[in-house]
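Enquirer: Have a look at this one.
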Amino acid sequence: MQENDCCFVELNSLAEYDNKIDTIIFDKTGTLTYGKMQIDDYKFANNKDINENIEDFKILQMIESKSNHPIAKSITGDVFNNVNGMENIEFQEIQGMGIIANINENKYFAGNNKILDRLKINNIFEEDANIFSKKGESIVYFGKNDDLIAIFGLRDTIKKEAKQSIQELK
């Protein structure tokens, strides 16, 4: 290998490169972590907690239950795998952005900052998003019509043995 070359190798074949490697990059999901995101932080526009916003949170769970994205599944858990009455609701999943649902003449949306740009939504949670991101959290915005309702920060749990495994590579 030449200087600045990059290659992808299985961990069991690292031995032949051990004196030439100075950097290792991991795909952390499921490798260093458990691959199950959980809500770590959140903030609602009305500054109340999740229990006082449970109806909005249930709508978010219903919307996210229609998505196949792993982050969406972490919001729904197993709660809404088979929701009755959801068949007549119009859903649009936008790859790389999020999901939009029309429910009772209201447009609900959930996703990352790209969906806010697409829908021209003012990000009232920009400061919170920066704080959540600095903590390593993935951001999900949730809103209704032209307004944001909440922001969620999701994080995966690092496997207990990850630190030891990395130390062994050194």
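The values are calculated or read from the model by the stated rules, or taken from the named source; none is laboratory data. Keep in mind it's a predicted model, so treat the numbers as computed, not measured. Calculation scope for accessible area: heavy atoms of the full protein, side chains included, ligands and nucleic acids excluded. Shrake-Rupley method; radii C 1.70, N 1.55, O 1.52, S 1.80 Å.
Enquirer: As a test question: what accessible area, to the nearest 10 Å², does PHE142 have when a 1.4 Å probe is rolled over all protein chains in place?
Expert: We get 0 Å² for PHE142.
Enquirer: Related question: Taking amide hydrogens as modeled 1.01 Å from N in the peptide plane, which residues meet the under 5 Å criterion relative to GLY35, leaving out close sequence neighbours?
Expert: Excluding prolines and chain starts, which carry no amide H, the hits are GLY30, THR157.
Enquirer: Go through segment 52-69 residue by residue and turn each phi into a ³J(HN,Hα) via Karplus (6.51, -1.76, 1.60, θ = phi - 60°); whole Hz please, and just put x for glycine and proline.
Expert: Working through the residues one at a time gives 7, 10, 4, 5, 5, 5, 5, 5, 4, 4, 4, 4, 5, 5, 8, 9, 9, 5 Hz.
Enquirer: In whole Hz and in residue order, list the ³J(HN,Hα) couplings for segment 141-155 that follow from phi through the Karplus curve 6.51 cos²θ - 1.76 cosθ + 1.60, θ = phi - 60°; x for Gly and Pro.
Expert: Once rounded to whole Hz, the list reads 9, 9, x, 9, 6, 9, 10, 7, 9, 7, 10, 10, x, 10, 9.
Enquirer: What percentages make up the Cα-Cα pair-distance distribution of segment 130-170 when the bins are 10 Å wide from 0?
Expert: Once binned at 10 Å, the Cα pair distances of segment 130-170 give 24, 29, 27, 12, 8, 1.
Enquirer: Residue-wise, which Karplus ³J(HN,Hα) couplings in Hz belong to segment 99-106, taking 6.51 cos²θ - 1.76 cosθ + 1.60, θ = phi - 60°, and x for glycine or proline?
Expert: 9, 10, 9, 9, 10, 6, 6, 10
Enquirer: Just check segment 102-142 against the gyration tensor rule for me: Cα atoms, a ≥ b ≥ c as the square roots of the eigenvalues, rounded for a/c under 1.5, and otherwise prolate or oblate depending on whether a/b exceeds b/c.
Expert: Details: a/c = 2.76, a/b = 2.15, b/c = 1.29.
The shape class here is prolate.
Enquirer: What is the set of long-range amide H partners of ILE149 at a cut-off below 5 Å, with H atoms built 1.01 Å from backbone N?
Expert: Distant-sequence amide H within range of ILE149: PHE142, GLY143, LYS144.
Enquirer: Per the 1.4 Å probe, what fraction of the accessible area of segment 84-138, in percent, lies on carbon and sulfur atoms?
Expert: Values: 1430 of 3610 Å².
The C+S portion of the solvent-accessible surface of segment 84-138 is 40 percent.
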